[in-house]
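Here is the structure we will look at, set down as structure tokens.
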């Protein structure tokens, strides 16, 4: 006797506990196996690029916070870097160092969320709470320096908003010294767990060629073994003065994508330590006119954000408002291969694969 | 084989007996840094109605209205529509006189929507300020008048002197 | 203390007898009272376990957990249930209304029925059935059907997937569960729960059947749908599995039934492997029923500890693990136990 079977459609999201926000995937399932997946982004679209056109150059900064709200500092940086390039502004050294410090702190915070949320996606909620406990320290540090936890709006065109407050450096050092213990704890609870490994190893293997073809970047690319980190490949700011390694994965499976982030946190801590040691004295803001009016022209600048290469394209028509601002959002680009990656895996793997890419919906939908 | 599984159990059990990190919020509060952006505060007397904050705001949260009394600008309205505020601090940065500041008060929820909007300027404040200006103007005018009178009084005297 | 409940029962019996009731009626009333007491115990236990779970999880996650409602937050679950009762019970338009309503009504039946044969202390068993273990296995697996029915009736794809997972998981884990118990039955030669406990007077069966216990533990966790085998609910994958569409008290019933099942599996584990109400190390001054409950809650703590440490296994891995690892292991366990018993008997003779 043959049993008549049928594929069926499952709407995963936009309201779903583990799509990291309001992401929607239309799955065609054969039992529990995914036959076809159609990702539908756009539920958190706020039109930040369009909004930027009616704001002055400085006023765009708070909006960039809301792109990747888990690493707002890096988003600030990407934007001001492009405007500085457009205006040919020299950024003082101290400001560059402060940017590196807060930027790497934001990267650690973002990776902590990625790690914890991934553990929760796989089903272990406790890892989530542990990473958030440690992220709280970073949030305190960022709050101390910028006045806000998630949306710092800290960087300014030509420098940063304010100098380092008293007690920040000591607190930062204390956190950096504590971080390795925390990472060891995550390794014990999450990474080393056999069930976790069974769930993630050899799942959705992404080859280096495919990753490059789809122009993926960040930990997702490096997990496939491609050594491409803008901080090393094309050093911007003062990154050429620090010693650090670019952690690489070997296989390009979910486990590698997860583990590369853990390793990157250690490297970020290393960079912060060096930056704190080398921190020079001096002004924190370059010579920038009060009313920012860049000359006619355009500029594109890229930085390595926690999710990948964050590019900002700014076109100026000579007025106080940008003519056009475009953000190359790494989360969005990294999703490009999702439908292919999901094919043939189970429903549970859909969550695991989506989590391993580490998307932030604010950035995907902009 | 199950080394990782047992190690994980060890970690959670260790934390079972460790001190907790929870802060019992309404009773216990963490100290906030000085730069915290909480509820905005407006210092009426410091404001010179230069409109810098209004122009600095990305979301046009601030409504500033002035009245000219005796060639002097008097702020009659300074509305801060908090629901659209991004708490970016650009207004504070733009202000040349530190008239707008952010306090550490972060409990900004309100029961009614109209309460969200903060109207900083009270009518009596405006009246007082207007009065002050008027008084100052009057005093000034009086002083000037007195001065003029004095001068005038001196003038005839001078004239008289000249005449004599 | 030791005979508190036994004395209560016999006092009640003599009271009823002196009131002039015939024997049959006395027995009936007494049985009714016993079952009522068990029902009250299950409900209070479920409430307490929700609280305990929240506290245990909080403590393992560096948190404090509920501490506002009542002293130490003890009334938190009561308040939660109060809230759930007052909520609207929404029936989806396309749901099979009768089955949908029947799910939460029936879900408490199997655990309640099974508790009738659970020996809570010396001479403290509502019905001393001589096929107790068999009865437990037969009735406990009924809840599969009810959960599947709820999932099917909801007419929701997530519920359907959850319901299918229930059936697959239960069928594959019932096997090792039963086979792991067979070892104990070989050793005692009886299916009566009280007899099994009495046989553990000198040595608990966990020392004679360590592999059997391990298999029982794993299969038991899977039977109760708890992490790492909580695929049925799989919060991060299929929202809440078969209970996705349930709201208010309907949801609360499933929620509490899960805990009733946890108690059930723990009670069985204590009965079969931890010597039931026998006091360890000769600490007999503590009443037997307190020992029994202590052991049960120790087992439940173990379940909670697992849940808050481990991530979730995938559905194909679950099947693989069940059929390729647990079933062969449990069969091997039976084999070894049989040979062991035979050798022991021959040498002794």
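Just so it is clear, none of the values below were taken in a lab; they were calculated from the coordinates. Being a predicted model, the structure only gives us computed values, none of them experimental. All Cβ positions, glycine included, derive from the backbone under ideal geometry; neighbour counts span all protein chains shown.
So here's what we get for this one:
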| read-out | value |
| --- | --- |
| FRET E, pair residue C:102, residue C:286, Förster distance 35 Å, beta-carbon r, rounded to 0.05 | 0.25 |
| Shape category assigned to the stretch A:175-255 from the gyration tensor of Cα positions, a/c cut at 1.5 | oblate |
| Computed [θ] at 222 nm, helices only, for chain B once each DSSP H run of length n ≥ 4 contributes -39500 (n - 2.57) | -13500 deg cm²/dmol |
| Estimated inter-spin distance, residue B:84 and residue A:174, nm [label 7 Å along Cα→Cβ] | 4.2 nm |
| Computed [θ] at 222 nm, deg cm²/dmol, chain A (DSSP H ≥ 4; -39,500 (n - 2.57); rounded to nearest 500) | -14500 deg cm²/dmol |
| Spatial separation of Cα centroids for the stretch A:294-359 and the stretch A:157-185, in angstrom | 27 Å |
| Shape category assigned to the protein assembly as shown from the gyration tensor of Cα positions, a/c cut at 1.5 | prolate |
| Cα-based equivalent ellipsoid of the stretch B:33-121: semi-axis lengths in Å, sorted from largest, via gyration tensor | 22, 15, 11 |
| Number of partner chain Cβ atoms within 10 Å, mean per residue of C:225-238 | 5 |
| Coarse-grained scattering of the stretch C:280-349 at q = 0.12, 0.15, 0.16, 0.22 Å⁻¹, given as base-10 log I(q)/I(0) from a Debye sum over alpha-carbon atoms | -0.72, -0.92, -0.94, -0.92 |
| Calculated FRET value between residue C:72 and residue A:54, using beta carbons and R₀ = 51 Å, to 0.05 | 0.40 |
| Label point distance in nm, residue A:7-residue B:68, each placed 7 Å from Cα along Cα→Cβ | 7.3 nm |
| Shielding by partners, peptide A:48-57 (average Cβ within 10 angstrom, other chains) | 1 |
| With Cα atoms, 0 to 90° folded angle of helix B:123-163 axis to chain B main axis | 30 degrees |
| Residue order, fewest to most surrounding Cβ atoms within 10 angstrom, among C:342, A:259 | C:342, A:259 |
| Calculated log₁₀ intensity ratio I(q)/I(0) where the Debye formula runs over C-alpha points of the stretch C:1-101, q = 0.10, 0.18, 0.25 Å⁻¹ | -0.57, -0.92, -1.22 |
| Chain C: C-alpha gyration tensor shape, a/c 1.5 cut-off, then a/b vs b/c | oblate |
| Descending Cα extents along the principal axes, chain A, whole Å | 82, 46, 34 |
| Sequence of A:85, A:232 once ranked by neighbouring C-beta atoms within 10 Å, starting from the fewest | A:232, A:85 |
| Largest-first principal axis extents, alpha carbons of chain B, Å | 123, 34, 29 |
| Burial ordering of A:45, C:278, A:20, A:326, fewest other beta-carbon atoms within 10 Å first | A:45, A:326, C:278, A:20 |
| Within the stretch C:177-199, backbone nitrogen closer than 17 Å to the virtual label 7 Å beyond the Cα of residue C:347 toward Cβ | C:187 |
| Centre separation in Å (Cα based) which lies between the stretch C:101-136 and the stretch C:148-217 | 14 Å |
| Convex hull volume of the stretch A:113-232 per residue (C-alpha atoms, cubic angstrom) | 152 Å³ |
| At R0 = 41 Å, FRET efficiency that the Cβ-Cβ distance of residue C:94 and residue B:106 yields, to 0.05 | 0.35 |
| Mean residue ellipticity (222 nm) of chain C, computed from DSSP H runs ≥ 4 via -39,500 (n - 2.57), nearest 500 | -22000 deg cm²/dmol |
| Euclidean distance of C-alpha centroids, the stretch A:108-132 and the stretch C:62-100, integer Å | 27 Å |
